[in-house]
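Here the structure is laid out as structure tokens; the discussion comes afterwards.
The values are calculated or read from the model by the stated rules, or taken from the named source; none is laboratory data. Everything numeric here is computed off the predicted structure, so don't read it as measured data. In this analysis, Cβ positions are derived from the backbone assuming ideal geometry, glycine residues included, and neighbour counts consider all displayed protein chains. For the accessible areas, the whole protein counts, side chains as well, though only heavy atoms, and no ligand, DNA or RNA atoms are used. Shrake-Rupley method; radii C 1.70, N 1.55, O 1.52, S 1.80 Å.
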Amino acid sequence: MTQVSTLRDVYQTLLDTYGPRNWWPADTSFEVMLGAILTQNTAWSNVERAIASLKTVVPLEPEQILGLDEETLQDAIRPSGYFRQKARRLRLLCLFIIEKYDGDVAGMEGEDTEALRSELLGLNGIGPETADSILLYALDRPVFVIDAYTVRLLDRLGLLEGSGGYNEVQELFTESMEPDTKMYNEYHALIVMHGKERCRKKAPLCEGCCLKKCPRSHVQRPTGKGDVSKLET
């Protein structure tokens, strides 16, 4: 079985097992962007609480959030953890949208994907995973998001040979599959689901796994310079 068919077969198997994920849950593209920052280093349930809390304070619009004083914003997003750090990152994102796009994320639609990605990466606290989450889920760009779940799964399937760094893993998908926003969206969401349900970091539930036996199911890739967890700063 070739690498291309392996990646496609993994996708189809996960889709058949879990069904469409319809991710990312949000009312607006801007809310997705906020969630992409708030979800750094925390569980999604905490992000939901933080967004719900923020909605009780102001409408989720760049100008409204930037208009909040620091303490109020921090308190609203406290459930997401690292709330002081994330408050600064939210402000930078809002300021970027206001200054570059007059506060309207719809203005991003005409931007070149790579140029926009570069601009997002230039904002303090936005690394590759967060930038690509914004591009894929908020702006419908065919950019595959790589996270720790993805690295772990591909490593256990024996598909990683190098460091497991972000660009290396991303290229496995982009070089093997056509740029398809909907499929990239579903694939990443399915990998996250599988990582939570079965392919756990410790004590993976291999018995009865839809992907059968992985060649490296009980081997933990050592943390190193190229590890995805090191890329979001």
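Multiplying the residue separation of D27 and A43 by 0.36 nm and subtracting their alpha-carbon distance yields 3.8 nm. With the gyration tensor restricted to C-alpha atoms of the chain, the semi-axes of the equivalent ellipsoid amount to 32, 19, 16 Å, longest first. Cβ-Cβ distance of A115 and E171, R₀ of 25 Å, FRET efficiency by 1/(1 + (r/R0)^6): the value works out to about 0.80. Segment 1-56 and segment 93-118 have Cα centres lying 22 Å from one another. FRET efficiency for the pair E161 and K201, taken as 1/(1 + (r/R0)^6) with r the Cβ-Cβ distance and R0 = 22 Å, rounds to 0.60. Shape class for segment 81-129: oblate, because the ratio a/c of the largest to smallest gyration tensor axis (alpha-carbon atoms, square roots of eigenvalues) is 1.5 or more and b/c is at least a/b. Counting only protein heavy atoms and using a 1.4 Å probe, the accessible area of T13 comes to about 40 Å².
Could you give the accessible area per residue of segment 34-167, probe 1.4 Å, as a whole number in Å²? Accessible surface, normalised per residue, equals 42 Å². All C-alpha to C-alpha distances of segment 134-175, sorted into 10 Å bins beginning at zero, yield P(r) values of 29, 52, 18, 1 percent in whole numbers.
Could you please state how large a percent of the accessible area of the chain is carbon and sulfur, counting protein chains only and using a 1.4 Å probe? That share works out to 49 percent.
List the relative contact order of segment 133-173 as a percent without decimals, with contacts defined as Cα pairs under 8 Å and 6+ residues apart. Walk me through the numbers on the way to the answer.
On the way: 20 pairs, mean separation 13.6, N = 41.
After rounding, I find 33 percent.
Full extension of the chain between A148 and T6 yields a length gain of 49.2 nm, computed as 0.36 nm times the residue separation minus the alpha carbon distance.
Taking 30 Å as the limit for the C-alpha separation, the pairs K86/K196; K86/K212; K100/K196; K55/K182; K182/K213; K55/K202 exceed it in the case of K86/K212; K100/K196; K55/K202. For segment 78-97, the residues whose backbone nitrogen is under 18 Å from a point 7 Å from the Cα of A52, taken along Cα to Cβ, are 78-81. Counting only protein heavy atoms and using a 1.4 Å probe, the accessible area of K55 comes to about 90 Å².
Taking all protein chains together and rolling a 1.4 Å probe, C206 ends up with roughly 50 Å² accessible. Against the criterion of solvent-accessible heavy-atom surface with a 1.4 angstrom probe, L90, L60 sort, most first, into L60, L90.
Helical content of the chain, expressed as a calculated mean residue ellipticity at 222 nm, amounts to -15500 deg cm²/dmol (DSSP H runs of 4 or more residues, -39,500 (n - 2.57) each, divided by residue number, nearest 500). For D104 and L123, the difference between the fully extended length at 0.36 nm per residue and the C-alpha to C-alpha distance is 5.1 nm. Across E114, E178, E186, E71, the residue with the most accessible area heads the list, and the full order at a 1.4 Å probe is E71, E114, E178, E186.
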